[in-house]
Amino acid sequence: MLTPLKIKSIKRDTPAKVYDIQTKKNHNFIANGALVHNCIIFQEQTMKLCSVVAGFPEAETDTIRRNIMKRTAAKKDTGDEEARRAKTEFVSGAMKNGVSERVAGELYDKILFFSGYGFNASHAVAYAIDSYYCAWLLTYFEEEWLCAYLESMSGTDDKRAKAFAEVKAMGYKIVNIDINYATKSWTILDGKRFMPSFLSCKGIGDAAIDEIMENRPYKSVEEMLWYPTGQWRHSKFNKRVLEGLISIKAFDSLDCIGENKTFVNYKQMHEVLIIRNNEIKKWTKKNPNVGIDSFKSALTETVEIEDWTKREMVDNTIKFLGSFNPASLVPDYMISKFEERGVKPIDELDKSDVYWFVVTDVKEKKTKNGKPYLLLTASGLAGQTKRIFCWGWNGETAIPVYSVCIAEITVDDFGCKTFVSKIKMLES
């Protein structure tokens, strides 16, 4: 309900006639911006009200503003005592200027409500300028601006997930670190792709990055690790750095992983280059190729090694990157199929429909009547999680952690729910 004040003049910063319906009197006050429309926008306006309406000395209005602003929407109890005392003084001062007690009280209550969201005009100007700069840069230098945005938001999991979701919504992809393309900051790649920096991987320092960048591009594992003379190529790019990059699968550009390639999988690469590191680094004048020969022998001996399990891949990622986005377990071809068929990730859940997700946690539960059910924690493309009540569980059927699923999910006032019979686990 609006305060019963009518503004007779609305010209900015000129005397305005304010009509008090209760006392049926006109009062000449200063109308300042949105204040003439009964809406307080800036903290400076609360100071103006205290000065002009309640007659407070201008030197004291900033102290009153600070006391009022202590009582924010998030902490309503903070500053209550100061706020109550200020109200008494405000109402008393306004009544001396001919404003009725009720109107003055209502006006002060509006000021107090404003404290939950108000800020000062100088901040508003600064935010407006920053917003304009950002909008201009995003319009004319979209990739560069988004790259800088990703860099600034990479400090925490929540901010990183938010930034990833926003960038992906604009049609971009976040790709894994790669030995031939990553740098000390986020990198823009062709095809609307962004790559995190080397520094986001634990154990990789500036010296190692400098050495990698000076010697690349690498076309093969052998070229990356040995000089033509058979000597080990790197010193700063050491075993620890190599292990981290193997664990996060940073060698796809070498095309060295897969059937009929150098390594059958990344676990074999780890076995050969890390576990047997001392053997493959050997070099003597008598036999310069002793290390390379050991490398070839190790490839033959480990050709049957099984790849890392999903749990091991998750552990590796958390160990070296500090966090894990379950969506990285979903191949690109599978995401493309979801998009073609209009199946959204669970991040975008807003109504009852079919969604895809990665199961990150499974808890076995029972209702009050003893009926078993599962409580699933699921993650989508942006890494945000949802809880899903899974009914109709027989107490035996397993839904493995980190499995990729598609399910018909119902959304109601109690949250998200589905049935075991409506979940399909996909091979990834």
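The values are calculated or read from the model by the stated rules, or taken from the named source; none is laboratory data. Keep in mind it's a predicted model, so treat the numbers as computed, not measured. Backbone-built Cβ (ideal geometry, glycine too); neighbour counts: all protein chains shown.
When you go through (1) surrounded by fewer than 17 Cβ atoms within 10 Å (Cβ to Cβ); (2) among the small types (Gly, Ala, Ser); (3) not in a helix (DSSP H, G or I) one by one for residue 207, which number turns out not to apply?
(3)
With (1) within 12 Å of residue 112 (Cβ to Cβ); (2) part of a helix (DSSP H, G or I); (3) in contact with a helix residue (DSSP H, G or I) (Cβ under 6 Å, 6 or more places away or on another chain); (4) modelled with pLDDT under 80 as the list, and residue 71 as the residue in question, which single condition is left unmet?
Result: residue 71 passes all but (2).
Report the residue count in the stretch 190-204 for those that are within 18 Å of the chain's Cα centre (by Cα), part of a loop (DSSP other than H, G, I, E, B) and farther than 11 Å from residue 321 by Cβ.
The number of residues fulfilling the criteria is 1.
Within 21 Å of the chain's Cα centre (by Cα), farther than 30 Å from residue 234 by Cβ and among the acidic types (Asp, Glu): does that describe residue 348?
Here the answer is yes, as residue 348 does meet what is asked.
Please go through the stretch 109-157 and give me each residue that is in contact with a Ser or Thr (Cβ under 9 Å, 6 or more places away or on another chain), under 30 Å from residue 86 (Cα atoms) and surrounded by 13 or more Cβ atoms within 10 Å (Cβ to Cβ), ordered by number.
110, 111, 114, 115, 116, 118
Which of the residues spanning the stretch 339-368 are crowded, with 19+ Cβ neighbours inside 10 Å and outside any strand (DSSP E or B)?
Listed by number, the residues that qualify are 346, 347, 349.
Can you tell me which residue is surrounded by the fewest Cβ atoms within 10 Å (Cβ to Cβ) among those in the stretch 392-418 that are among the charged types (D, E, K, R) and part of a loop (DSSP other than H, G, I, E, B)?
Going through the qualifying residues, I end up with 413.
Could you list all residues from the stretch 282-333 that are under 17 Å from residue 269 (Cα atoms), exposed (fewer than 15 other Cβ atoms within 10 Å of the Cβ) and in contact with a Phe, Trp or Tyr (Cβ under 6 Å, 6 or more places away or on another chain)?
Matches in the stretch 282-333: none.
Being among the charged types (D, E, K, R), surrounded by 18 or more Cβ atoms within 10 Å (Cβ to Cβ) and either modelled with pLDDT of 90 or more or part of a loop (DSSP other than H, G, I, E, B) (or both) narrows it down to one of 279, 271, so name that one.
Being among the charged types (D, E, K, R), surrounded by 18 or more Cβ atoms within 10 Å (Cβ to Cβ) and either modelled with pLDDT of 90 or more or part of a loop (DSSP other than H, G, I, E, B) (or both) holds for just one of 279, 271, which is 271.
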